[in-house]
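Here's the structure we're looking at; comments come further down.
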Amino acid sequence: MNKEPEVRNTYKIHENGKVGEVQIADDVVAVIAGLAATEVKGVAATGSNVTSELTGRLGKKNPSKGVKVQVSPDAVSVDMALTLEYGYGIPETAKLVQEKVKLAIENMTGLQVREVNIRIAGVNIVKSN
C-alpha cells in the first residue's frame with residue numbers, strides 16, 4: 001500500500017540567511033480565518049448546518065470547514081461559508097466577520113488580505129446550550 005505524499009501549499013513570509021525562514025501553510029490561514037469568524041456574535045459555525053451537525057455529533061470541530069483561502073505572493077483571498085444564528089442581521093454580521101478575519105490574518109501572518117467573501121449557507125434556529 002503506497003501512500004502518496006500530502007501536498008500542502010505554503011507561503012514564505014520571512015527569509016533570513018542566518019536564522020532560517022518562516023513558511024505558512026494555506027490550511028493555517030484557513031484555520032485563522034475560521035476561528036476569527038466564529039468569534040463574531042451571531043455566527044453559529046463555518047460551513048453549512050449539515051456539516052456542523054455531523055461534526056458536532058462526532059465531537060469534532062474543524063474551524064477551517066467551509067473556508068477556502070488563496071495565498072499569492074502579494075495578497076490573500078478568503079471565501080467562507082457561514083451558518084448564522086437566527087435574529088442577527090446578515091449584512092451587519094457579514095461586515096463584522098470580514099473585518100475580524102482580515103485583521104486576524106494580517107496581524108498573525110503579516111500577509112495582506114485582498115478580499116473576504118462571505119456566503120451565508122444557513123441559519124441556526126435551534127438554541128445551542
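Quick look at the values:
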| quantity | calculated |
| --- | --- |
| Count - residues of the stretch 103-129 that are over 19 Å from LYS41 (Cα atoms) and surrounded by fewer than 18 Cβ atoms within 10 Å (Cβ to Cβ) | 7 |
| Conditions (1) of a type in the set (D, E, K, R); (2) crowded, with 17+ Cβ neighbours inside 10 Å; (3) outside any helix (DSSP H, G or I); number of the one not met by LYS100 | (3) |
| The stretch 73-95, residues that are more than 14 Å from the chain's Cα centre (by Cα), surrounded by 15 or more Cβ atoms within 10 Å (Cβ to Cβ) and not charged (D, E, K, R) | LEU84, TYR88, THR93 |
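All of the numbers you see were taken from the coordinates with simple rules; none came from a lab. Given the structure is predicted, the values throughout are model-derived calculations rather than measurements. Don't worry about glycine lacking a Cβ; one is built from the backbone with ideal geometry, like all the others, and counts go over all protein chains shown.
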